[in-house]
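To start, the structure itself, in structure tokens.
Values in this text are rule-based calculations from the coordinates and carry no lab data. Source: prediction; values computed, not measured. Here the Cβ is made from the backbone with ideal geometry for all residues, glycine too, and neighbour counts use every protein chain on show.
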Amino acid sequence: RALNPNEPEFHQAVHEVLHSIGPVLERHPEYTENGVLERLIEPERQIIFRVPWKDDDGKLHVNRGYRVQYNSALGPYKGGLRFHPTVNISIMKFLGFEQIFKNALTGQGIGGAKGGANFDPHGRSEAEIMRFCQSFMNELFRHIGEHTDVPAGDIGVGSREIGYMFGMYRKITNRHESGILTGKGIGWGGAQVRTEATGYGAVFFVQSMLAVHGETLEGRRVAVSGSGNVALYAIEKAQQLGARAVTASDSSGYVLDDAGIDLGLLRQIKEVERGRIVEYAKRRPGARFVEKGNVWEVPVDIAVPSATQNELSLESAQMLIANGVRAVAEGANMPSTPEAVGAFQESDVLFAPGKAANAGGVATSALEMSQNASRQRWNFASSEQKLRDIMSDIHDSAFRAAESYGTPGDYVAGANIVGFERVADAMLAQGVI
Ligand code: NDP
């Protein structure tokens, strides 16, 4: 803490992992003897840079860009870029740290990283977004590469932004290197199912947790927060599997639609018009908008928080539990506060941490890298089947690790243990570097 002051999100993420791996360190003294923990907590490289750009009125703005290249023991650095006004080094490091274990869990040979900028895309014109992305890549390009670091999207960065950044990379370097970014458009190197993967994967994870107890999603009521990339496709998959998703939200409030979210309308508003969630309630008979409301007050069987970190408090967890929630799967990164996680674990709620539940996005990004490297294109059905298999493997390995360390059903411990052991073993084998 003395070395990293004023980084509460980073401390929170590290604390959660350290809490889980105590028993692993006892069983494997070689990790401690070789300083694996100390080396793992310190990022291999942190890059901070200036991003100057002009708005449509010719006014100059200067934002701060980041890329935290956290750990490459398992493969090239991999992790998303976030454009949001709250971005700072604490948030970049918490996300990068989590990414190491998440990527290890996928079993695909990718290291952990995160990046972004404290830029607020809301209300910016298409031309302003393009200029910002170009300026951002004008520095980032020198730090990334197919075998070095492969960024992707996150909050505020979708296929539009990836497109502008890819274009700039290609212009600066005179190289069409498909493998330098993932989340590209389908027509120019993107992979089927990448857009849907994080949300779909979180719902597949719920399916696996329920299956252990002989239960299914059929007829269950689902609350999803957010209305971005993860949320939209969590809603879609939940509905395809026979559940009824009844909520969506953004930072202005949430909508409740007891008939089940009309995904076509929601996508039109969010993906095409880039509008606010209140629009949904205006256009959908029977739906209600709750301004600044807490979506977790809605009685549901399944909750999939898919907006941002620390959006689900202890009070929210207690409401969900009192309303009889059966399973919670984190579509977002660290959306539940530590106190909320504690409350879920003390009850009989099935709880899936983001590292495990939202790993489908990065896993499918790794599939995109494979297709780019081999110049192949896999179809939607086979890509979705691969995603389903990966999520099922992540579930099973976390489940088994929790059992083997005497905490059956604790997916937080299980996911941390599996991720940690894979990275720690690679670091041991590669020596003190
Ligand atoms: P998007 O930018 O597509 O959507 C984010 C959604 O969350 C928007 O509805 C946004 O509302 C809402 N939101 C963001 N910040 C806040 C906030 N401070 N308070 C309330 N609502 C907020 O992002 P993604 O869907 O890609 O990402 C969502 C989460 O999932 C993040 O935690 C991300 O790290 C995680 N994740 C994403 C992956 C991916 O593949 N995209 C992979 C793994 C994890 P508004 O527009 O009002 O800000």
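Dividing the C-alpha radius of gyration of the range 1-94 by 2.2 N^0.38 Å, with N its residue count, gives 1.40.
Each of THR407, THR173 has some number of other Cβ atoms within 10 Å of its Cβ, and from fewest to most they run THR173, THR407. Using a cut-off of 19 Å between Cα atoms, the listed pairs LYS114/LYS292; LYS54/LYS114; LYS78/LYS114; LYS102/LYS386; LYS237/LYS386; LYS93/LYS270 include LYS114/LYS292; LYS54/LYS114; LYS93/LYS270 as exceeding that distance. Applying a length cut-off of 20 Å (Cα extent along the axis) and a mean Kyte-Doolittle floor of 0.0 to the DSSP H helices of the chain leaves 89-106, 194-212, 360-374, 411-429.
Ordering ALA424, SER72, GLY185 by Cα displacement along the dipole of the chain toward the positive end leaves GLY185 in first place; charges were set at the Cβ atoms of Lys, Arg (+1) and Asp, Glu (-1). In this simple spin-label model, placing a label point 7 Å from the Cα along the Cα-to-Cβ direction at both GLU139 and ASP396 gives a separation of 4.5 nm.
Near GLU139, within a Cβ-to-Cβ distance under 12 Å, what is the net charge of the other residues, with Lys and Arg +1 and Asp and Glu -1? Write down the numbers at each step before the final one.
Working: positive: ARG50, ARG64, ARG67, ARG142; negative: none.
The answer is +4.
Any idea how far apart ARG375 and GLU42 come out in nm if each label point goes 7 Å out from Cα toward Cβ? With each label placed 7 Å out from Cα toward Cβ, I get 4.4 nm. Ratio of Rg to Rh for the range 195-348: 0.94 [Cα atoms; Kirkwood radius as inverse mean 1/r over pairs].
In the distance distribution for the chain, Cα-Cα pairs more than 32 Å apart total 33 percent.
Across the options SER252, PHE166, ILE144, the greatest Cα extent toward the positive end of the charge dipole of the chain (unit charges at beta carbon of Lys, Arg, Asp, Glu) belongs to PHE166.
With all distinct Cα pairs included, what does the Kirkwood hydrodynamic radius of the range 331-433 come out to in Å, to one decimal, could you say? Numbers along the way, then the final one.
Details: mean 1/r = 0.0645 Å⁻¹.
Kirkwood radius, the range 331-433: 15.5 Å.
What is the log10 of I(q)/I(0) for the range 298-337, computed with the Debye formula using one identical point scatterer on each Cα and no solvent, at q = 0.19, 0.24 Å⁻¹? With one equal scatterer per Cα and no solvent, log10 I(q)/I(0) is -0.46, -0.73. How high is the FRET efficiency between ARG64 and SER252 when r is their beta carbon distance and R₀ equals 22 Å, given to the nearest 0.05? It comes out at approximately 0.25. Protection proxy ranking of 3-14, 70-81, by the mean of other Cβ atoms within 10 Å over each peptide's residues and highest first, is 70-81, 3-14. A Cβ-based charge dipole, computed about the Cα centre of the range 66-200 with Lys and Arg at +1 and Asp and Glu at -1, lands at about 160 debye. Each Lys and Arg Cβ is given +1 and each Asp and Glu Cβ -1; about its Cα centre, the chain then shows a dipole of about 1520 debye.
Dipole size in debye (nearest 20) for the range 296-355 around its Cα centre, Lys and Arg Cβ +1, Asp and Glu Cβ -1? Kindly include the intermediate steps, with their values, before the conclusion.
Working: 2 positive and 8 negative charges, 37 e Å.
The dipole of the range 296-355 has a size of about 180 debye.
Could you tell me the convex hull volume per residue, in Å³, taken over the Cα atoms of the range 358-411? Please report the intermediate quantities before stating the final value.
Numbers: hull volume 4.1 nm³, N = 54.
Here the figure is 76 Å³ per residue.
Which of the three applies to the range 257-365, rounded, prolate or oblate, going by the alpha-carbon gyration tensor with a ≥ b ≥ c and a/c under 1.5 meaning rounded? It comes out oblate by the Cα gyration axes.
Using the beta-carbon distance between HIS15 and HIS176 and R0 = 51 Å, what value does 1/(1 + (r/R0)^6) give for FRET efficiency, to the nearest 0.05?
On the way: r = 43 Å, r/R0 = 0.85.
FRET efficiency, HIS15 to HIS176: 0.75.
Within the set of other residues whose C-beta is less than 11 Å from the C-beta of GLY183, count the net charge using Lys and Arg as +1 and Asp and Glu as -1. Provide the component values of the computation, followed by the final result.
Values: positive: ARG160, LYS184, ARG194; negative: ASP154, GLU161, GLU368.
Result for the neighbourhood of GLY183: 0.
Comparing Cα centroids, the range 282-361 and the range 228-279 end up 15 angstrom apart. With both labels modelled 7 Å from their Cα along Cα-to-Cβ, the GLU126 to LEU265 distance reads 2.7 nm. Electrostatic tally near ALA413: other residues with Cβ closer than 11 Å to its Cβ, Lys and Arg +1, Asp and Glu -1, net -3.
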